[in-house]
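Step one of this worksheet: look at the structure below.
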Amino acid sequence: MQAIETTLEATLAEAEAAVRAALEAEGFGVLTEVDVAATLADALGVHRRALKILGACNPAVAHRALELEASLALVLPCNVVLEDAGGGRTRVAVADPRALLVAGGGELADADELDELAYDAAVALERAIRRLSPALR
């Protein structure tokens with residue numbers, strides 16, 4: 001899957017704090033949080049490296065998306081994945097909205113608006129990833 005990503009020289013907890021601050025600076029809030037590793041351990045007794053999904057939402061972008069096409073709720077909120085990369089490093093990745101919101105061949109009324117929305121969302125997420133402290137990279 002096409003993603004906007006980076007690897008930080010930080011623990012998952014440190015990376016999560018930095019990611020939350022970077023998302024907030026770009027107008028995103030975190031609506032949901034899933035500790036995948038803990039869920040798998042509880043449900044299946046499976047142990048894996050730490051993996052957390054933050055469901056991030058920029059209300060202005062979400063509103064535009066839903067006004068354009070109600071079915072875009074299927075890709076809301078944006079999943080931001082934090083994964084222990086070993087050695088005190090954390091991989092941070094978010095699916096690129098430009099890859100998720102492909103207008104070609106769809107039934108949406110305005111493909112140009114969809115492309116613009118995907119571009120705007122991707123740019124905001126790219127800025128959030130770039131905001132992560134260079135000291136953490």
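Residues that are touching a helix residue (DSSP H, G or I) at 6+ places or on another chain (Cβ under 7 Å), in contact (Cβ under 8 Å) with a residue 60 or more places away in the chain and either among the β-branched types (Val, Ile, Thr) or not in a helix (DSSP H, G or I) (or both) within the range 70-103 comprise Val80, Leu82, Asp84, Thr90, Val92, Val94, Asp96, listed in sequence order.
What are the residues in the range 55-88 that are touching an Asp or Glu at 6+ places or on another chain (Cβ under 6 Å) and closer than 15 Å to Glu5 by Cβ, if any? Break it down into steps so the answer makes sense when it comes.
From the range 55-88, those touching an Asp or Glu at 6+ places or on another chain (Cβ under 6 Å) are 68, 82; that's our starting set.
Within the range 55-88, Leu82 is the sole residue that qualifies.
For the range 48-59, the candidate set comprises residues that are surrounded by fewer than 19 Cβ atoms within 10 Å (Cβ to Cβ) and either modelled with pLDDT under 95 or among the charged types (D, E, K, R) (or both); within that set, the residue that is nearest to Ala17 (Cα to Cα) is Arg49. Is at least one residue of the range 25-47 in contact with a Leu (Cβ under 6 Å, 6 or more places away or on another chain), small (Gly, Ala, Ser) and either closer than 23 Å to Leu136 by Cα or assigned to a helix (DSSP H, G or I) (or both)? Looking through the range 25-47, at least one residue is in contact with a Leu (Cβ under 6 Å, 6 or more places away or on another chain), small (Gly, Ala, Ser) and either closer than 23 Å to Leu136 by Cα or assigned to a helix (DSSP H, G or I) (or both).
Against the definition (modelled with pLDDT of 95 or more and out of contact with any strand residue (DSSP E or B) (no Cβ under 7 Å at 6 or more places or on another chain)), how does Gly105 come out, yes or no? Steps first, please.
On the way: modelled with pLDDT of 95 or more: no; out of contact with any strand residue (DSSP E or B) (no Cβ under 7 Å at 6 or more places or on another chain): yes.
Criteria not met by Gly105.
Of the residues making up the range 8-24, those that are of a type outside the set (A, V, I, L, M) and either closer than 10 Å to Ile129 by Cα or part of a loop (DSSP other than H, G, I, E, B) (or both) are Glu9, Thr11. Only one of the numbered conditions (1) within 22 Å of Leu23 (Cβ to Cβ); (2) modelled with pLDDT under 90 is violated by Glu126, and that is (2). Which one is modelled with the lowest pLDDT among residues in the range 92-102 that are surrounded by 15 or more Cβ atoms within 10 Å (Cβ to Cβ) and of a type outside the set (Val, Ile, Thr)? Filtering the range 92-102 for residues that are surrounded by 15 or more Cβ atoms within 10 Å (Cβ to Cβ) and of a type outside the set (Val, Ile, Thr), the one modelled with the lowest pLDDT comes out as Leu101.
The values are calculated or read from the model by the stated rules, or taken from the named source; none is laboratory data. Everything numeric here is computed off the predicted structure, so don't read it as measured data. Please note: Cβ atoms are built from the backbone with ideal geometry, for glycine as well, and neighbour counts cover all protein chains shown.
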